[in-house]
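Let me begin by presenting the structure, written as structure tokens, before commenting on it.
The values are calculated or read from the model by the stated rules, or taken from the named source; none is laboratory data. As the structure is a computational prediction, the values presented were derived from the model and not from experiment. Every residue, glycine as well, gets a Cβ built from its backbone with ideal geometry; the counts of neighbours run over all protein chains shown. To get the accessible areas, we keep the full protein, side chains included, count just its heavy atoms, and leave off ligands, DNA and RNA. Shrake-Rupley method; radii C 1.70, N 1.55, O 1.52, S 1.80 Å.
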Amino acid sequence: MTKILDGRALAAQLRARLATEVARLRASTGVVPGLRVLLIGEHPASLAYVRTKERAAREVGIDGRIERLPATIEEGALLARLAELNEDPSVHGVLVQLPLPAHIDPERILAAIDPRKDVDGFHPLNAGRLAQLLGPPPDDLLVPCTPRGCLLLLEEALGGLQALRGKRALVLGRSTIVGRPMAALLLAYDATVTIAHSRTRELAHECRRAEILIAAVGRAGLVRGDWLAPGSVVIDVGINRVALPDGTSRIVGDVAFEEAVGQVAAITPVPGGVGPMTVACLLDNTLRACRAQLARNGRIRS
Ligand code: NDP
């Protein structure tokens, strides 16, 4: 029997808890957590995604707002806007939606966000802290949202994160957004971690050895059913649009889902697995950032 890990349901639970905590914080301090999502240029997929984030924020009582800036904006003007948001006490979380137009250096932009407001967890300081982590992340460490969502799904699948100790985990993909921070988190929980990528030899063999497999590649159905170890736990991060013979299309993951079911102990579906968890973890990071900033200003106890 394969357990299908319901990311929509788990994300709804997390949002419900966050809504209660946001309401409590507001009642005790009068502060509403503020999130600004900067969208530069016209990128239809990004627009749809940031609207989802804004809506989800508002549903839990966070003041989430999209700021749209033209694709032609100079890097200096974007840096100046970030400096203002860094100083704004009503804004606790700042996120710059990627990808950026080619004339803007993403590294410079991500490094310009106050690390305490860096709710995407991509600032080098937060990435560095995560890379050194042993044990659960401290409350004030902003961990990238997709890996944090994957971790919560693993917790659900395994009945607790202590079960990660000593397990052989394979992270497929080495991006700074998903693969690397995911590997760092698994390592922090004492898994034995392998990172695979496009130059990895004998990928199927590497996958078959894994008790935990996180696929974050962006190749539809790359991981076949017979690549998976019986009884393993599979988290599929991939989002791939594939054309169907009737002219329509659908979204699938990096793992051949139908082949995996019946073979593995647990797997996330695509859609409805990691995606909703990513958005819920962004809200969680916003509340964490808000609390940490209030604690520093002596408004609440940490
Ligand atoms: P990137 O393109 O940045 O990274 C992809 C990684 O996969 C790279 O490390 C690449 O290797 C590796 N790779 C590519 N092809 C192969 C192959 N044939 N065999 C082995 N490894 C391969 O992607 P992201 O990390 O940003 O995203 C990965 C996927 O996750 C995408 O489908 C994306 O849409 C999805 N995603 C989903 C999210 C969610 O919320 N559900 C959030 C973020 C991403 P190399 O480094 O050698 O090039």
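Laid out as a table, the results:
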{"quantity": "Using alpha-carbon coordinates, inclination of helix 44-59 to the longest axis of the chain, degrees", "calculated": "70 degrees"}
{"quantity": "DSSP-loop GluC sites (Glu not before Pro) across region 183-222, with at most 10 other Cβ within 10 angstrom", "calculated": "GLU202"}
{"quantity": "Choice from GLY275, GLY128, GLY61 with maximal GNM fluctuation in the chain (Cα, 10 Å cutoff)", "calculated": "GLY128"}
{"quantity": "Antiparallel content of DSSP bridges confined to the chain, in %, to 5", "calculated": "10 percent"}
{"quantity": "Sum of side-chain charges, PRO269 neighbourhood, beta-carbon under 15 Å (Lys, Arg +1; Asp, Glu -1)", "calculated": "-3"}
{"quantity": "9 Å beta-carbon shell around ALA292, net charge (K/R +1, D/E -1)", "calculated": "+2"}
{"quantity": "Prolate/oblate/rounded call for region 116-211, Cα gyration tensor, a/c under 1.5 rounded", "calculated": "oblate"}
{"quantity": "Among VAL143, VAL217, VAL264, residue whose mean-square fluctuation peaks in a GNM of the chain (springs only between Cα atoms under 10 Å)", "calculated": "VAL264"}
{"quantity": "Net charge contributed by nearby residues that have their C-beta within less than 14 Å of ALA19 (K/R +1, D/E -1)", "calculated": "+2"}
{"quantity": "Cα gyration tensor, region 1-145 - rounded (a/c under 1.5), prolate or oblate", "calculated": "rounded"}
{"quantity": "Efficiency of FRET from Cβ geometry, THR72 and GLU258, R₀ 45 Å, rounded to 0.05", "calculated": "0.50"}
{"quantity": "Per-residue HN-Hα couplings for region 66-78 [Karplus 6.51, -1.76, 1.60; θ = phi - 60°; Hz; x = Gly/Pro]", "calculated": "8, 10, 9, 10, x, 4, 8, 4, 6, 4, x, 5, 5"}
{"quantity": "List LYS53, LYS167, ordered by accessible area with a 1.4 Å probe, largest first", "calculated": "LYS167, LYS53"}
{"quantity": "Cysteines without a disulfide-compatible partner [the chain; Cβ-Cβ under 4.7 Å]", "calculated": "CYS150, CYS207, CYS290"}
{"quantity": "Residue-wise HN-Hα coupling along region 110-116, computed from phi with Karplus coefficients 6.51, -1.76, 1.60 (Hz; x: Gly, Pro)", "calculated": "5, 6, 8, 7, 3, x, 6"}
{"quantity": "Interchain or long-range residues, amide H under 5 Å from ASP254's placed H", "calculated": "GLY221, VAL237, GLY238"}
{"quantity": "Loop-located GluC sites (Glu not before Pro) in region 55-130, at most 14 other Cβ atoms within 10 Å (DSSP)", "calculated": "GLU74"}
{"quantity": "Nearest-10 value in Å² for the accessible area of ILE239, using the 1.4 Å probe", "calculated": "120 Å²"}
{"quantity": "Anisotropy class of region 1-87 from Cα gyration tensor, a/c 1.5 cut", "calculated": "oblate"}
